[in-house]
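Working notes, beginning with the structure itself.
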Amino acid sequence: MQQRAGQRPAAFIATGLPGIGWLLAFFVAPLSIILLYSFGENVSLTQVETTGTLENYRRIFEPEILKLGWRSIRIAFISTLICLVIGFPMALVIATSSQRAKPWLLLLIMLPFWTNLLIRTYALLNILGTRGRLNELLVWLHGGMRQALDIIGLSEAGLLADRFTPITFLGTEGGVIYGIVYVSLPFAILPLYSVLERMDTSLLEASIDLGAGQWTTFRRVLLPLALPGVLTAAVITFIPALGQFLTPDLLGRGQVDMIANVIERQFKRANDWPFGSALSLTLLYVTFLLLTLRAFSDARRARRTENRG
Amino acid sequence: MTEPIISIRGVSKRFGGVTAIDNISLDIEAGEIFALLGPSGCGKSTLLRMLAGFEHPSDGSVLLDGKDLTRLPPNRRPINMVFQSYAVFPHMTVAKNVAYGLEMERTKRSEIRTRVAQALEQVQLEGLGDRRPDQLSGGQRQRVAVARALIKRPRVLLLDEPLSALDAKLRDAMRLELVKLQEMSGVTFIIVTHDQYEAMALADRIAVLENGCLRQVDTPRSLYNNPVDAFVADFIGNVHTFDVSKIDLVEGRMRVHADILGPLMIDKPIPEGLLPGVQTGRGRVLTIRPESIGIKTGETYVPGHLTVSGTMGDIAFQGQHSVVEIRINNSRSISAIVDDATARELDGLGHETTVHAHWAVADMHLLESSIN
């Protein structure tokens with residue numbers, strides 16, 4: 001490809017130009033401005049002067065910001081883990097279902113994508129609220145259990161409280177993680193599905209044939225072979241989760257701020273564009289670092305396979 | 001009479017409305033190489049997977065050493081399988097692959113090491129234990145799969161199309177090796193194949209399957225010489241068939257009218273249900289194998305032989321012998337297998353030269369034509 005492009009530079013430029021132009025105008029240029037701002041200072045309410053100061057980057061290491069950064073990483077990490085644990089069996093079910101059912105199951109996974117994120121998040125508010133559907137369900141279950149205890153004459157044993165106290169989901173880390181898992185799950189399932197779909201099922205049968213149980217087969221054959229898909233799913237879930245803005249804003253009720261909420265505040269209420277720029281870029285560097293690690297691990301695997309052939 | 005190692009009793013398998021296996025009963029003796037032979041879709045693979053435990057019969061049962069193992073899961077059967085794709089674990093070394101089954105039995109590490117070394121030596125892979133599967137050739141991967149299964153000392157080894165993925169040279173070598181491995185280990189081998197030559201060369205006994213039904217079980221030689229029907233005759237070797245239109249009895253002997261052959265007196269046991277004087281014979285065929293057919297240029301009479309005249313067609317040279325095509329009429333031709341000297345002689349005659357194919361009437365079989 002490269003050689004052909006080199007042979008016919010005119011064609012290369014003609015086909016490449018719109019894309020390159022687009023990237024320059026809407027990606028490189030704004031990022032350059034952000035980069036310049038991150039080394040600048042507010043000189044008036046609307047003006048930023050690039051002075052080459054490192055003050056904005058120093059402020060990232062203030063305990064308050066570090067705490068938020070750490071929380072973002074923790075929430076993203078837990079959400080990713082949950083996505084993998086829930087997503088893997090789902091991907092496995094889809095990958096092993098009949099050819100006729102597959103496209104429908106995949107469609108069901110993709111369906112939420114086509115609904116506006118804001119609407120989906122408000123829908124979650126309705127479910128997770130103190131008087132939300134989830135608590136309603138729990139109240140109902142609690143009542144049912146109490147009745148059951150009454151019938152077997154154990155209602156005085158103090159096994160259950162008289163009254164169910166609604167659980168607070170909104171404004172807690174748990175609620176935010178719930179929301180992030182909900183949003184990220186399809187991203188986790190698709191790469192897992194694609195690696196499981198290609199797997200030779202006779203490898204799993206061979207393992208069982210040789211005396212392994214289901215769990216051992218999962219641990220020693222299925223999981224190691226699915227590892228590239230698991231890594232992709234983890235990266236593809238973790239990175240957007242780290243930069244989540246809407247979910248912590250709505251489900252966190254301003255009490256579970258993640259790093260993106262701080263960035264947003266710098267550009268809006270705090271009107272501190274230089275600091276916001278520095279934070280944005282730092283988040284970008286973390287993302288790049290993760291993608292680089294992923295690329296390296298891919299390259300190493302590819303090299304190993306090549307050496308063997 | 002020794003007890004069979006595997007006893008398949010009235011086994012059927014239905015997938016939805018499709019019957020994959022239709023009431024098959026079959027005994028397999030300990031220490032033999034047994035082949036399940038049939039065209040694709042005949043149910044042979046389903047039957048093999050049932051023995052391994054990956055499929056469950058809809059009806060009937062499978063016995064091992066007289067004990068019912070129909071409900072036993074694959075990992076608890078003393079039966080191991082060599083998969084058609086070999087299913088060698090790509091993320092483990094050769095030695096790790098071979099050790100896998102023993103690790104599942106919680107065998108001691110020192111014993112695993114010695115037995116893996118032995119197993120690799122047995123399949124001539126000594127020194128390759130540290131290799132990864134993608135560094136091996138197809139033949140070597142198959143040996144890993146065989147070693148990995150045999151190391152568990154199973155009662156029965158199942159092999160799914162063991163030679164089909166190998167090229168012709170390797171196939172012959174591997175065939176001999178499998179026979180040797182079977183003799184050395186004493187393990188009963190059950191092989192699934194669609195290739196009659198593979199089955200005949202490897203197996204002590206062959207079960208011929210068609211459309212989920214068992215057609216015949218016998219030694220390769222008996223199947224070849226005494227096929228029960230035209231399907232088996234055609235599947236074990238090649239056969240020319242002549243549709244029978246009418247059979248009648250003349251002085252206790254059968255007179256068979258077959259399409260281009262005319263009336264022939266056949267001294268064979270009279271098929272059941274054939275009544276004297278009654279015109280039956282539909283659904284039956286006369287068969288002759290190409291290797292039983294001779295060719296001559298002049299019309300000399302050979303006692304006990306029948307002669308069919310035609311014109312010379314193509315000659316396909318196949319080394320020791322050649323296949324000669326004789327055109328009898330526009331729609332019908334017969335091929336005969338002749339030795340090299342005859343082939344050279346016939347080669348000198350041009351196309352369209354009249355020749356005579358002849359064969360012993362006694363070499364023909366009167367068989368039921370295949371139901372389908």
Residue check for B:Val116: at pLDDT 95 or above, within 11 Å of chain A (Cβ to nearest Cβ) and out of contact with any strand residue (DSSP E or B) (no Cβ under 6 Å at 6 or more places or on another chain): no
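From the list A:Phe245, A:Phe187, pick out the single residue that is surrounded by fewer than 17 Cβ atoms within 10 Å (Cβ to Cβ) and under 23 Å from A:Phe288 (Cβ atoms). I'd like the intermediate steps shown before the answer.
Details: A:Phe187 fails: surrounded by fewer than 17 Cβ atoms within 10 Å (Cβ to Cβ).
Of A:Phe245, A:Phe187, the one residue that is surrounded by fewer than 17 Cβ atoms within 10 Å (Cβ to Cβ) and under 23 Å from A:Phe288 (Cβ atoms) is A:Phe245.
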Restricting the stretch B:143-156 to residues that are away from chain A (no Cβ under 11 Å) and touching a strand residue (DSSP E or B) at 6+ places or on another chain (Cβ under 7 Å), the residue that is surrounded by the fewest Cβ atoms within 10 Å (Cβ to Cβ): B:Arg155
Hits in the stretch B:269-292 (condition: at pLDDT 85 or above and either in contact with a helix residue (DSSP H, G or I) (Cβ under 9 Å, 6 or more places away or on another chain) or of a type in the set (Lys, Arg) (or both)): B:Val285, B:Thr287, B:Ile288, B:Arg289, B:Ser292
Any hit, the stretch B:295-318, residues being of a type in the set (Asp, Glu), closer than 25 Å to B:Asp229 by Cβ and at pLDDT below 85: no
Some residue of the stretch A:132-146 being part of a loop (DSSP other than H, G, I, E, B), buried (at least 17 other Cβ atoms within 10 Å of the Cβ) and touching a residue at least 60 places away in the same chain (Cβ under 8 Å): no
Any hit, the stretch A:176-188, residues being part of a loop (DSSP other than H, G, I, E, B), within 37 Å of the chain's Cα centre (by Cα) and either basic (Lys, Arg) or at pLDDT 85 or above (or both): no
Complete set of residues in the stretch B:151-185 that are of a type outside the set (Lys, Arg) and either at positive phi or outside the structural domain of B:Glu103 (by TED's automatic domain parsing) (or both): B:Glu161
Residue count for the stretch B:55-81, restricted to those that are part of a loop (DSSP other than H, G, I, E, B), buried (at least 17 other Cβ atoms within 10 Å of the Cβ) and in contact with a helix residue (DSSP H, G or I) (Cβ under 8 Å, 6 or more places away or on another chain): 3
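Table: residues versus (1) among the small types (Gly, Ala, Ser); (2) part of a loop (DSSP other than H, G, I, E, B); (3) in contact with a Gly (Cβ under 7 Å, 6 or more places away or on another chain).
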site	(1), (2), (3)
B:Pro162	no, yes, no
B:Leu166	no, yes, yes
B:Asp172	no, no, no
B:Lys180	no, no, no
B:Phe189	no, no, no
B:Leu209	no, no, yes
Unique residue being without any contact (Cβ under 8 Å) to a residue 40 or more places away in the chain, assigned to a helix (DSSP H, G or I) and not hydroxyl-bearing (Ser, Thr, Tyr) when the list is A:Leu106, A:Leu81, A:Leu118: A:Leu81
Flag if A:Ala270 is out of contact with any Leu (no Cβ under 8 Å at 6 or more places or on another chain), more than 19 Å from A:Pro89 (Cα to Cα) and surrounded by fewer than 17 Cβ atoms within 10 Å (Cβ to Cβ): yes
Matching residues in the stretch B:124-138 - criterion: being assigned to a helix (DSSP H, G or I) and out of contact with any Gly (no Cβ under 9 Å at 6 or more places or on another chain): B:Pro133, B:Gly138
Subset of the stretch B:216-255 [outside any loop (DSSP other than H, G, I, E, B) and among the β-branched types (Val, Ile, Thr)]: B:Val217, B:Val232, B:Thr241, B:Val244, B:Ile247, B:Val250
Pick from the stretch A:84-121, criterion hydroxyl-bearing (Ser, Thr, Tyr) and exposed (fewer than 12 other Cβ atoms within 10 Å of the Cβ), ranking: farthest from A:Val235 (Cα to Cα): A:Ser98
Residue ranges of strands (runs of 3 or more DSSP E) in the stretch B:311-372 with at least 2 members farther than 27 Å from B:Gly283 by Cβ: B:321-329, B:332-339, B:354-360
Filtered residue count, the stretch A:186-205, keeping only those that are away from chain B (no Cβ under 13 Å) and polar (S, T, N, Q): 1
Which listed residue, of B:Leu102, B:Leu170, B:Leu176, B:Leu125, is touching a residue at least 24 places away in the same chain (Cβ under 8 Å) and within 25 Å of B:Ser45 (Cα to Cα): B:Leu170
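Output the residues belonging to the stretch A:206-260 that are within 14 Å of chain B (Cβ to nearest Cβ), among the β-branched types (Val, Ile, Thr) and farther than 22 Å from A:Val85 by Cβ. Quick ask: steps written out before the conclusion?
Within the stretch A:206-260, the first condition is being within 14 Å of chain B (Cβ to nearest Cβ), and the residues that meet it are A:206-230.
Checking which are among the β-branched types (Val, Ile, Thr) leaves us with A:208, A:216-217, A:221, A:230.
Within the stretch A:206-260, A:Ile208 is the sole residue that qualifies.
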Selection within the stretch B:82-101 - surrounded by fewer than 22 Cβ atoms within 10 Å (Cβ to Cβ) and more than 8 Å from every other protein chain (Cβ to nearest Cβ): B:Met92, B:Thr93, B:Ala95, B:Lys96
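The values are calculated or read from the model by the stated rules, or taken from the named source; none is laboratory data. In this text the structure is predicted, and so the values were computed from the model without any measurement. All Cβ positions, glycine included, derive from the backbone under ideal geometry; neighbour counts span all protein chains shown.
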